[in-house]
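Following: one structure in structure tokens, then a few remarks.
The values are calculated or read from the model by the stated rules, or taken from the named source; none is laboratory data. Keep in mind that this is a model prediction, so the values were computed, not measured. Here the Cβ is made from the backbone with ideal geometry for all residues, glycine too, and neighbour counts use every protein chain on show.
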Amino acid sequence: MPADIVATLPVALLAVICGYALFSLFGFGSAILAAPGLVLVMPMARIVPLLALLDAGSSALRAWRGRAAIDIAAIRLLLPCMLAGQILGVGLLRCLPVRETGLLFGGFIALLGLSSLRQRAQRQGGAGGTWSGIGHGLAGGVLGGMFGSGGFLYARYLQRHLPQQDRFLATQAVMIGISTAWRVVLCLLSGLIDGGLLMTALVLAPAVWAGFGIGRLAQGRISRQRGVVLLNGLLVVAGLLLVYRHLA
């Protein structure tokens, strides 16, 4: 395990616990909360494949448990766009400057959260159309490949398209599971995963399960409306933290 991770292991563990508590509640968001903490320890090019490794198994388990509620039509629409977008995103991750991409990503998710907070009343209950699904799938794939954080866009589409919480969570778990497995393959082919990163993932794996436990305790205590407000508030905070980090 890299020495810089060992020296700041409590920060990394706390970041992963927070990220997967959010993932347990909303079916995505591990990178949104984990990345601002992990970026203190490692570069974004290491965080993306690390979170892909941690996400893949947990998402597959959630999808299997909720398989009866999966919405196949939504998967058929989002999946091809996501796969194509991730190819572009991983390619950009290898060649774009770290500071500029971090600033762009942080600013984007902060503005997205602010926009959703202002317009949440109009968006509740609306159904996403085909073009909206294509756009969310492509954009989510690109951001997932670059930053490991495209799941919030799949969730935005699915929350509008699938009002039933069980169908939303099951379908979102499938999207995240396939997305992370595909990202692992692309990162392996791009040379972004090595033995040190695999060891780091093993050390941080218990924090994933701790985060899921915290999220399960919170489920049922947060209404859908409050959950949307919490989600978008976290987008704003995480985005501003990423901007601050890359400016500093």
Yes/no for R183 being among the basic types (K, R), at pLDDT 80 or above and within 22 Å of M44 (Cβ to Cβ): yes
Residue in the range 197-230 that is nearest to L9 (Cα to Cα), counting only those that are basic (K, R) and either in a helix (DSSP H, G or I) or modelled with pLDDT of 85 or more (or both): R216
Every pair of residues 6+ apart whose Cβ atoms lie under 6 Å, when the first sits in the range 150-168 and is assigned to a helix (DSSP H, G or I) while the second is among the acidic types (D, E): R167/D71
The range 195-207: number of residues that are under 16 Å from V48 (Cβ atoms) and β-branched (V, I, T): 1
Unique match (being of a type in the set (A, V, I, L, M) and surrounded by fewer than 15 Cβ atoms within 10 Å (Cβ to Cβ)) among L240, L234, L202: L202
